Amino acid sequence: MNLSGIIVGAAVFLSIGICHPAVIKMEYYWGKQSWWVWLVVGLGCVAASLLVQNQIASTIIGGFAFSCLWGIHEMFLQEKRVLKGWFPENPKRHAYYEQKRAQMGIKL
């Protein structure tokens, strides 16, 4: 019986489950300017995936890499969700959000 597909699938599912809340928290505390963290981690994992000899580990690291790279896109979408009021905004950055809402014509 070959369990590698199940192992990789579960690991990628877990990486998506980790990245989604991380995007939400990072946007809340640091804003979308923290997108570069996802880029650095994603590219680091791409490099690691190329260097790891074990096929399953390399695949899992590659899956995590692309979950991180997708996190860049999600970071920008998360700001839009916050601007629409779908997610809570950081009160310390309220003026920033109000300015962005005015620019985009969004009213809460």
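The sum of -39500 (n - 2.57) across all DSSP H runs of n ≥ 4, divided by the residue count of the chain, sets its helix-only mean residue ellipticity at 222 nm to -27000 deg cm²/dmol. From the Cα gyration tensor of the range 1-74, with a ≥ b ≥ c the square roots of its eigenvalues, which class applies: rounded if a/c is under 1.5, or else prolate if a/b is larger than b/c, or else oblate? Judged from the Cα gyration tensor, the range 1-74 comes out oblate (a/c at least 1.5, b/c at or above a/b). Calculated accessible area for the chain comes out at 65 Å² per residue, all protein chains present (probe 1.4 Å; ligands, DNA, RNA ignored).
Accessible surface of residue 106, taken over heavy atoms with a 1.4 Å probe and every protein chain present, rounds to 40 Å². Distances between placed amide hydrogens fall under 5 Å for residue 31 paired with no residue 5 or more residues away or on another chain.
Computed 3J(HN,Hα) for the range 91-99, one whole-Hz value per residue from the Karplus formula 6.51 cos²θ - 1.76 cosθ + 1.60 where θ = phi - 60°, is x, 5, 10, 4, 4, 4, 5, 5, 5, glycine and proline marked x. When only Cα pairs below 8 angstrom with a gap of at least 6 residues are kept, the chain shows a relative contact order of 29 percent.
Backbone geometry of the range 49-63 corresponds, through the Karplus equation with coefficients 6.51, -1.76 and 1.60 at θ = phi - 60°, to 3J(HN,Hα) couplings of 4, 6, 9, 6, 7, 6, 4, 5, 4, 4, 5, 5, 5, x, x Hz, x marking Gly and Pro. Using DSSP to call loops (not H, G, I, E or B), can you name the chymotrypsin sites (Phe, Trp or Tyr not before Pro) in the range 1-94 whose Cβ has at most 14 other Cβ atoms within 10 angstrom? Passing both the DSSP loop test and the Cβ count: 86. Share of carbon and sulfur in the accessible area of the range 27-74 stands at 74%, probe radius 1.4 Å.
The values are calculated or read from the model by the stated rules, or taken from the named source; none is laboratory data. The shown structure was predicted, so the numbers you read here are calculated from the model rather than taken from an experiment. Reconstructed Cβ throughout: ideal geometry from the backbone, glycine too, with neighbour counts over all protein chains shown. When the accessible area is computed, the model is the full protein with side chains, heavy atoms only, and any ligands, DNA or RNA have been set aside. Shrake-Rupley method; radii C 1.70, N 1.55, O 1.52, S 1.80 Å.
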